[in-house]
1. Along segment 139-149, what does the Karplus equation 6.51 cos²θ - 1.76 cosθ + 1.60 (θ = phi - 60°) give for ³J(HN,Hα), rounded to whole Hz, x for Gly and Pro?
2. Taking a point 7 angstrom from the Cα of Asp66 along the C-beta vector, which residues in segment 205-237 have backbone N less than 15 Å away?
3. Determine ³J(HN,Hα), in whole Hz, for all residues of segment 115-128 in sequence, where each value follows from phi through the Karplus function 6.51 cos²θ - 1.76 cosθ + 1.60 and θ = phi - 60°; x replaces Gly and Pro.
4. What is the sum of charges, Lys and Arg at +1 and Asp and Glu at -1, for the other residues whose Cβ falls under 11 Å from the Cβ of Ala174?
5. Per DSSP H run of at least 4 residues, take -39500 (n - 2.57); add these up for the chain, divide by its residues and hand me the 222 nm value, nearest 500 deg cm²/dmol.
6. With a point put 7 Å past each Cα toward its Cβ, work out how far Met59 is from Thr243 in nm, to one decimal.
7. Specify the inter-centroid distance of segment 197-264 and segment 58-115, based on alpha-carbon positions, in whole Å.
8. Can you list the residues, at least 5 places off or on another chain, whose amide H is less than 5 Å from the amide H of Asp147, using H built in the peptide plane?
Amino acid sequence: MSAVSTAFEKAAAEDRAALIGYLPAGFPDKDTAIRAALAMASAGADVIEVGLPYSDPLMDGPVIADAVYRSLAGGTRIKDVFDTVEAISNAGTAAVVMTYWNPVDHYGVDAFARDLASAGGSGLITPDLTPEESGSWPQVSDAHGLDRVYLVAPSSPEARIATITRLCRGFVYAASLMGITGTREAVSSSAAGLVRRTREHTTLPVAVGLGVSTPEQAAEVAAFADGVIVGSAFVRRIASAATPADAVAAVRAFTEVLAGGVRR
C-alpha cells in the first residue's frame, strides 16, 4: 500500500476528507519551497503535490503559470523536484509529483519512475496524459510501486470515466470544472455529481481539485469527496509574501485553516 493510500485511509478513519496541497518545486526558490512544503505537512496536509515546472503549463491559470515561469527562470531542474519530494517523504508525509508528460518522456519513463521511487515519492498526477497515450507507464509504475493519478472531468462520459479509473492507483483526481487552475468564488455545481458518477466505477478515493480556496469551500467539498485539493490559493500566498519566512508562515497558517475545514 502506498503512502497516499495510507493517508486516505487515515482520513477516512477520522471521518473527514484528506487535505492535498500543491506547491511548485523551486518557487520562489528551492530552499523556501521545501520549507513551505514541510510547513504544509506539519500543519495538517495529508498529501503534498510537488509541481514539476514546465514551460507550457496548459492547464494552469495565471497564478501557477507565473510561479512556474519564475521557478524555471531561477534554474529549477528535475533533480530539485526529487529533492523536494525526498524532504517531504523523510518528514513522513506522502508526496506525489504533478507533471505534464513531456518532461517525464524526455527524462525517460523508467528512469523517472526509478528516481522518483528512490526519493520516496508515491506517484504521479499527469493532467495531460490519456489512457490511450500512456504507453509503458502502467507497467513501469507498477514495477516501481508508484501510483498513477489520472483526471476525470464534468464532461467525461460514463465509458470514459470507467476507462480512466481502471488505470488509476492511489486516488482519482476529479476536476471540478472545465478550464484552468485558479481560485473561484464558489465550488462548481458539477463537482458533487462528478464524484458520484466516478464512485460508480471505482472504489478508489476521489479527490476534487480546481477552484477550492477557502476553508468554507474545503468544508463544502469534504462533505461529498474523499479529498480536497488546493493549489493556486497556496501559491498566491507565497507570491505575495514579503520575505521567504513570511511565505512559509503564510503557507502554515493557511494549511491550518483548511485542515479545520476538511474536519467540519
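1. 5, 5, 5, 4, 4, 9, x, 9, 6, 10, 10
2. Backbone N within reach: 232-237.
3. Karplus-based 3J(HN,Hα) across segment 115-128 equals 6, 5, 4, 5, 7, x, x, 9, x, 10, 9, 10, x, 10 Hz.
4. Details: positive: Arg196, Arg197, Arg199; negative: Asp226.
Spelling it out: positives minus negatives among the neighbours equals +2.
5. Dividing the helical sum by the residues of the chain leaves -14500 deg cm²/dmol.
6. Inter-label distance under the simple model: 3.6 nm.
7. If we compute the Cα centre of each part, the gap is 19 Å.
8. Distant-sequence amide H within range of Asp147: Gly123, Leu124.
Coordinate-derived values only; no laboratory data. What you see is a predicted model; the values in this text were computed from it and never measured. No Cβ is skipped: glycine too gets one built from the backbone with ideal geometry, and neighbour counts run over all protein chains shown.
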